[in-house]
1. Please go through the range 68-93 and give me each residue that is outside any strand (DSSP E or B) and surrounded by fewer than 17 Cβ atoms within 10 Å (Cβ to Cβ), ordered by number.
2. Take the residues of the range 185-220 that are open to solvent by 80 Å² or more (accessible area, probe 1.4 Å) and in contact (Cβ under 8 Å) with a residue 24 or more places away in the chain: which is farthest from ASN96 (Cα to Cα)?
Amino acid sequence: MTSLRTLVSSSRQLFTTTTPAQAVRSFATTRTRTASSSLPPPLPHHAHPSTLEPPQNLSETSSVPDEVSALSLLKSQPTHYVSALLMGRRYLLTPNDILTVPHLKSVPVGTKISLTRILEVGSRDYTLRASFPSSSSSSSPSLSRPPILTRSALTSPQSETPTIPRDWQRHPDSLPYLSTSLVQAELTVVEHTKGEMFQVDKFKRRKGYRRSLRSKLGFTKLRMGEIKLQ
């Protein structure tokens, strides 16, 4: 019995008992200590000073190179490509590519067709894309665009700041293009060929009329030449 009592007394001494008032007092002291030592609480998002201050204007200096330096960078690359408009469609072409287009009438084999609407020229690392000239550099001959004739343009003078229409595929002539003094490319007519035979069945109800029409569509193959950078 004596040994059991000594064990119970020793175990009680290990655990210290505290009253509720002492626990509240200790919690309050620790809370005040942490509040005084830590930083002030963060502000909510709507009260943050960065959201209240007006946005700062960026510097007007740009790291975009001019056309002369852009052409020199493009010339340093081994291969080039062009994005050009031909017959109302946009094509991405590289030298020695074979392009198949609808049949071109009265164009013999060996005829050279120059691309006059090159939208952009680029290489593996650099790209030179045409854009509408600004009001300050409207006299620059490097970038040009075809004239746009609309109903409003016929009645009123053309605006100085043209915009690209949303549906540019219906109005491909409104896209800006690079002048021939910067980039030149030619296509050579290789051959005139026809596609596969297809059949169309025609009939009329309750008339006993049935016909089968067979036809082939004509195509013209063009070979892309060398891209010349001035």
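The values are calculated or read from the model by the stated rules, or taken from the named source; none is laboratory data. Given the structure is predicted, the values throughout are model-derived calculations rather than measurements. Backbone-built Cβ (ideal geometry, glycine too); neighbour counts: all protein chains shown. We work out accessible area using only protein heavy atoms, side chains counted, and drop any ligands, DNA or RNA first. Shrake-Rupley method; radii C 1.70, N 1.55, O 1.52, S 1.80 Å.
1. Hits for the range 68-93 are VAL68, SER69, SER72, LEU73, LYS75, SER76, GLN77, PRO78, THR79, MET87, GLY88.
2. LEU217
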